[in-house]
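Bear in mind these aren't lab numbers, they're just calculated from the coordinates by the rules spelled out. Computed from a predicted model, the values in this text were never measured in an experiment. Note that we place each Cβ from the backbone using ideal geometry, even for glycine, and neighbour counts take in every protein chain shown.
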Amino acid sequence: MGTSVKTPDGETVNMQLILCDETYFNMLGFQVVEDFGVPKTNSVWMSKALANKLSVNDTTASYYARRMHINGSNPETVGGIYEDVPTRSASASEPNQFSAIIIAKAEDLIWGNGVMVDVSGDYKETEKAIMEAYRDYSEQQNGTFVEAAQNGYVQDLNNLLLRPAKMAMRLLELFMVLSVLISLLGLIAMSTYYSGESTKSIAIRKVFGSNVRRELWRTVKDYMVLVGIAALIGVLVAVWVCGKYLDRFAYRIAHYGWIIVVAVVVAVLMAFGSVLWQTLRAARTNPAEALKKE
């Protein structure tokens, strides 16, 4: 849930709050940065970003704990600090990593939003057994079965939330494949035209003593220089566009330069293959036949 806390100086700090018992906390698997050595129950744990923002120390630990008495919980002090975790969606403009966890006794809580269960065994069979147990419980409590608002494995629920993004990514990948095929056809067409225009000059140089290997190297080299210039311009534009696009997201990938490098290598190989094929045909053409056509 979203909440806020005031510092001794009167500044309001917004944060996300999780309320759970000690077992629930251990199951979440947070990476502990610092443990203050107090009992976990009835304590507040803070993200590293929040603890730094609030300047938590021995004198302020009790101050902040007293301002987080909600839903029957009664935290006495700050129990420790855990590594920052995302508290907003990736599309948020700013990453708010201010979060806190209140650990209380389950029986002291007035209400709860959910139950987390650590299971073992067959994936589907375990889920079926849990839902059957919940059905029996619901019928006993309510007289009829009341379906849970949301249930399932955490991994499945996360995948469900990511389904629209994954569908958009599949569509983007389809367009990417089509663009690569169209680019390849364009490269073949350009290399065909380029080698066709060079057929006469290749034939003349072969008459004056050149050979297939020398003409092949000369033509491919000239073409690949143009490809290299285009690749350099494309890399600069791609880095700038990717940076601008990723800046819109609070949580984004880093060190993505290798992707652009791989794309450039693939494009250069495609260009080299297409021009090599066409130039080899032109270089192997009989000079007499090539000049006769002119």
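Using 7 Å Cα-to-Cβ label points, what is the Ser179/Asn57 separation (nm, one decimal)?
Between Ser179 and Asn57, the label points sit 5.4 nm apart.
Applying a 10 Å radius around every beta-carbon, put 71-82, 29-40 in order of their mean neighbour count, most first.
71-82, 29-40
Could you please rank Cys242, Cys20, placing first whichever residue has the fewest other Cβ atoms within 10 Å of its Cβ?
Neighbour counts put them in this order, fewest first: Cys242, Cys20.
Which of Lys48/Lys128; Lys40/Lys124; Lys6/Lys166; Lys124/Lys166; Lys40/Lys128 have a Cα-Cα distance over 28 Å?
Violating the 28 Å Cα-Cα cut-off are Lys48/Lys128; Lys40/Lys124; Lys6/Lys166; Lys40/Lys128.
Residue-wise, which Karplus ³J(HN,Hα) couplings in Hz belong to the stretch 131-140, taking 6.51 cos²θ - 1.76 cosθ + 1.60, θ = phi - 60°, and x for glycine or proline?
In residue order, the calculated couplings are 5, 5, 5, 5, 4, 4, 5, 5, 5, 5 Hz.
Please quote Rg/Rh for the stretch 1-98 to two decimal places, taking the Kirkwood radius as Rh and restricting both calculations to Cα atoms.
0.93
Taking the mean number of other Cβ atoms within 10 Å as a proxy for protection, how do you rank 125-135, 264-274 from highest to lowest?
The most tightly packed comes first, giving 264-274, 125-135.
Among DSSP beta bridges whose residues both lie in the stretch 2-108, state the antiparallel percentage, nearest 5.
In the stretch 2-108, approximately 55 percent of DSSP beta bridges are antiparallel ones.
How large is log10 I(q)/I(0) at q = 0.11, 0.14, 0.17 Å⁻¹ when the Debye formula is applied to the Cα atoms of the stretch 68-179, each weighted equally and without solvent?
The computed values of log10 I(q)/I(0) come out as -0.67, -0.98, -1.18.
Among residues other than Asp21 whose Cβ falls under 10 Å from its Cβ, what is the net charge (Lys/Arg +1, Asp/Glu -1)?
Once all neighbours under 10 Å are counted, the net charge is -1.
At a Förster radius of 25 Å, what calculated FRET efficiency corresponds to the Cβ-Cβ distance of Asp136 and Leu161, to the nearest 0.05?
The formula returns an efficiency of 0.25 here.
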